[in-house]
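See below for the structure under consideration.
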Amino acid sequence: MYRLVRQGVTLCFPDVGKGAPPLLLVHGLGCDHQSFAHQIKHFRGSHRVVAMDLRGHRQSDKPAQECTVSAKADDLAWLCFELGLHAPVIVGWGLGALVGLKLAFRHSVYPAVL
């Protein structure tokens with residue numbers, strides 16, 4: 001598990017595998033990256049897979065400021081930039097689908113597949 005700090009908020013994520021296109025997995029409300037355990041295991045052999053615990057979830061910080069969908073999407077865009085994760089396929093469910101859509105709309109360089 002890796003950790004990076006964005007604006008004082010620690011974000012935790014696995015970053016495994018190699019291959020294109022990279023996959024960005026976005027979990028639902030009240031869950032964490034482990035909800036994608038089977039997908040991570042399956043795809044890590046052929047793709048780079050990143051599945052961040054969204055702010056306010058599991059190992060990522062629960063900051064005092066509001067944890068909006070936009071803030072979560074901005075966290076993901078920042079993480080993709082920091083990791084050099086170019087044009088990932090975004091896979092999300094529940095809250096993760098909303099965050100993925102917001103990421104695609106706010107940061108149009110990332111195509112979304114939900």
Quiz item: So what's the angle, to the nearest 10 degrees on a 0 to 90 scale, between helix 69-83 and the longest Cα principal axis of the chain?
Solution: 50 degrees
Quiz item: Among 70, 60, 46, which one moves the most in a GNM of the chain with springs linking Cα atoms closer than 10 Å?
Solution: 46
Quiz item: Relative to the longest principal axis of the chain, what angle (0 to 90°, nearest 10) does the C-alpha long axis of helix 95-106 take?
Solution: 90 degrees
Quiz prompt | Size descriptor, Kirkwood hydrodynamic radius, that averages inverse alpha-carbon separations across the chain, Å | solution = 13.6 Å
Quiz item: Within straight cross-link reach of residue 18, meaning Cα distance under 17 Å, which lysines are found once same-chain residues fewer than 8 apart are removed?
Solution: 41
Exercise. Evaluate the charge dipole of the chain about its Cα centre and quote only its size in Debye, nearest 20, assuming +1 on the Cβ of each Lys and Arg and -1 on the Cβ of each Asp and Glu.
Key: 200 debye
Quiz item: Given the options 36, 13, 81, which has the most mean-square fluctuation in a GNM of the chain, springs set between C-alpha atoms less than 10 angstrom apart?
Solution: 81
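Where a number appears in this text, it was derived from the coordinates with a stated rule and is not lab data. Here the structure is a predicted model, which means the values were calculated and not measured. Cβ coordinates were reconstructed from backbone atoms using ideal geometry, including for glycine residues, and neighbour counts include every protein chain displayed.
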